[in-house]
Amino acid sequence: MKNFSFELIKTCAASGARRGRVHTPHGDIETPCYMPVGTQATVKAMTPEAVKDVGAQIILSNTYHLHLRPGEALVKEAGGLHRFMHWDRPILTDSGGFQVFSLAGLRKISEEGVKFRSHIDGSSRFLSPETVMQIENDLGADIIMQFDECSPYPCDRTTAENAMLRTLRWAERCKRAHAREDQALFGIVQGAFEKDLRIESARALTDMDFPGYSIGGLSVGEPKPQMYELLEVTTPELPRDKPRYLMGVGTPDCLLEGVLRGVDMFDCVLATRIARNGTVFTTDGRLVVKNARYARDFAPLDEECDCYTCRNYSRAYIRHLFKAGEILGAHLASVHNLRFLLRLMEKVRAAIDADNLPQLVRDFYARYDMSRNF
RNA sequence: GAGGGAGUAGUUCAGUGGUAGAGCGCCAGAUUGUGGCUCUGGAUGUCGUGGGUUCAAACCCCAUCUCUCUCC
């Protein structure tokens, strides 16, 4: 592994939360961090400049989607994903394990890999640990995910155990097939909702010595307390000197709860997805800005926010843009939502530095309306 | 002035005697490793007005008002 390492800077004396720094070929990432998602080599409705402006240190993209369109060969020909999409900071690519689970039709999972139908044209496709590694190597992200098998919720124990064990075997195969020294390959913890399986998975992956560890298969419909309990038994099993990435989690409260339980990295489509549909995060909770009640509300989305949108536009104007179907509405709301989460993480890092993360969490819950949360 | 056409939801219109409909708009909900300018649901009405025929009228008859087209 070249140019990749994790530096554990300190742990919060009041909570045990971790403050760290990930070094990658395209720069450093202060953790805990939230990573905006750019599935198809673009953070939807955002230019890379705007993504930088809201404070993103790293973005996520997706093997499954880029493999189907435009194809990794084209991205490689363009000079790799960074050049192709004009983003010079770190990139993480997901492996496609989750997409095969959530998007593809008629999937058939075998030990060799997964046969599925493309959601774009219905064509028959096959992904294996080896093909996924080749694709991710061609895309050229700084951090890449192993190919894994994600279990559904709910999930019976046998199914959960088989998926977890298969994910371990696929982790070995990914490791063997991974050909680039300048890309950090993360293993993925599975085990569904069985604590002992999660622990077994974390220990086995740790023995394989990955540069970082992802926690997958959560936030797929289970109650939040259950997710938190599973995190509590998982993170203690992972090595302290490697980053932990909780995949797909990104409501404001879940980010805080994840950090409290030792998570360093998060990604989530929620912020940009709800933004495109007229909903934003605010200090006081969720706000559906397209609702009629904001037609004559000339205040910013969030009085506390320092983003470009809140500095220059009103709720009434943004509502108008949504009602009129204007693209700018999606952009302005996305700018705000991304800034909201990224700024929350800036506050989290500062709080850990000051050993008072629990106070930040209390202050958050004191204002944030959880009754209308996700 | 003469002749024709049209008046039904916010809007454009469908509905030829039997429980008033559609598209759009409007209102609301959903959204966690992104098939999402998407998806799901909801509310809409003196059927221009007044009379008549009929068991029953948006629909048939009479009158009237409004809009519109053509001609003088």
- Task: Can you work out which of the residues in region A:206-229 that are over 16 Å from the mean Cα position of the chain (by Cα), part of a helix (DSSP H, G or I) and within 13 Å of RNA strand B (Cβ to nearest atom) is nearest to A:HIS23 (Cα to Cα)?
- Result: A:TYR228
- Message: Just the residues that are over 20 Å from A:MET35 (Cα atoms), open to solvent by 20 Å² or more (accessible area, probe 1.4 Å) and within 16 Å of RNA strand B (Cβ to nearest atom), please, taken from region A:93-108.
- Response: A:PHE101, A:SER102, A:LEU103, A:GLY105, A:LEU106, A:ARG107
- Message: Scan region A:74-92 and tell me whether some residue there is within 12 Å of RNA strand B (Cβ to nearest atom) and either assigned to a helix (DSSP H, G or I) or open to solvent by 30 Å² or more (accessible area, probe 1.4 Å) (or both).
- Response: no
- Query: Assuming A:CYS268 fulfils every condition listed in (1) out of contact with any helix residue (DSSP H, G or I) (no Cβ under 9 Å at 6 or more places or on another chain); (2) among the hydrophobic types (A, V, I, L, M, F, W, C); (3) near RNA strand B (Cβ under 6 Å from one of its atoms) apart from one, which condition is it?
  - Reply: (1)
- If we take region A:109-152, then strands (runs of 3 or more DSSP E) inside it with 3 or more residues that are under 20 Å from A:SER214 (Cα atoms) and either within 13 Å of RNA strand B (Cβ to nearest atom) or open to solvent by 10 Å² or more (accessible area, probe 1.4 Å) (or both) are A:143-145
- Restricting the search to region A:321-341, which residues are touching a residue at least 24 places away in the same chain (Cβ under 8 Å) and not aliphatic (A, V, I, L, M)? A:PHE322, A:LYS323, A:GLY329, A:HIS331, A:SER334, A:HIS336, A:ASN337, A:ARG339, A:PHE340
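Residue-by-condition table, conditions (1) surrounded by 19 or more Cβ atoms within 10 Å (Cβ to Cβ); (2) touching a helix residue (DSSP H, G or I) at 6+ places or on another chain (Cβ under 9 Å):
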{"position": "A:PRO225", "(1), (2)": "no, no"}
{"position": "A:GLU229", "(1), (2)": "no, yes"}
{"position": "A:THR234", "(1), (2)": "yes, yes"}
{"position": "A:ARG240", "(1), (2)": "no, no"}
{"position": "A:TYR245", "(1), (2)": "yes, no"}
{"position": "A:GLY250", "(1), (2)": "yes, yes"}
{"position": "A:CYS254", "(1), (2)": "yes, yes"}
{"position": "A:GLY258", "(1), (2)": "yes, yes"}
{"position": "A:VAL263", "(1), (2)": "yes, yes"}
- Task: Select from region A:244-265 the residues that are in a loop (DSSP other than H, G, I, E, B) and more than 6 Å from RNA strand B (Cβ to nearest atom) and write down the one among them that is farthest from A:GLY187 (Cα to Cα).
- Result: A:ARG261
- Query: Do we have any residue at all in region A:308-317 that's away from RNA strand B (no atom under 13 Å from the Cβ), out of contact with any helix residue (DSSP H, G or I) (no Cβ under 9 Å at 6 or more places or on another chain) and either among the β-branched types (Val, Ile, Thr) or in a helix (DSSP H, G or I) (or both)?
  - Reply: yes
- Note on the structure: So, first residue modelled with pLDDT of 95 or more in region A:222-243, second residue in a helix (DSSP H, G or I) and of a type in the set (Val, Ile, Thr), Cβ within less than 9 Å, six or more apart or across chains; the pairs are A:VAL233/A:ILE199; A:THR234/A:ILE199; A:PRO236/A:ILE199; A:GLU237/A:ILE199; A:GLU237/A:THR206; A:LEU238/A:THR206; A:PRO239/A:THR206; A:LYS242/A:THR206
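The values are calculated or read from the model by the stated rules, or taken from the named source; none is laboratory data. Note that this is a predicted model, so its numbers are computed, not measured. Quick reminder, even Gly has a Cβ in these numbers, built from the backbone with ideal geometry, and neighbours come from all protein chains shown. When the accessible area is computed, the model is the full protein with side chains, heavy atoms only, and any ligands, DNA or RNA have been set aside. Shrake-Rupley method; radii C 1.70, N 1.55, O 1.52, S 1.80 Å.
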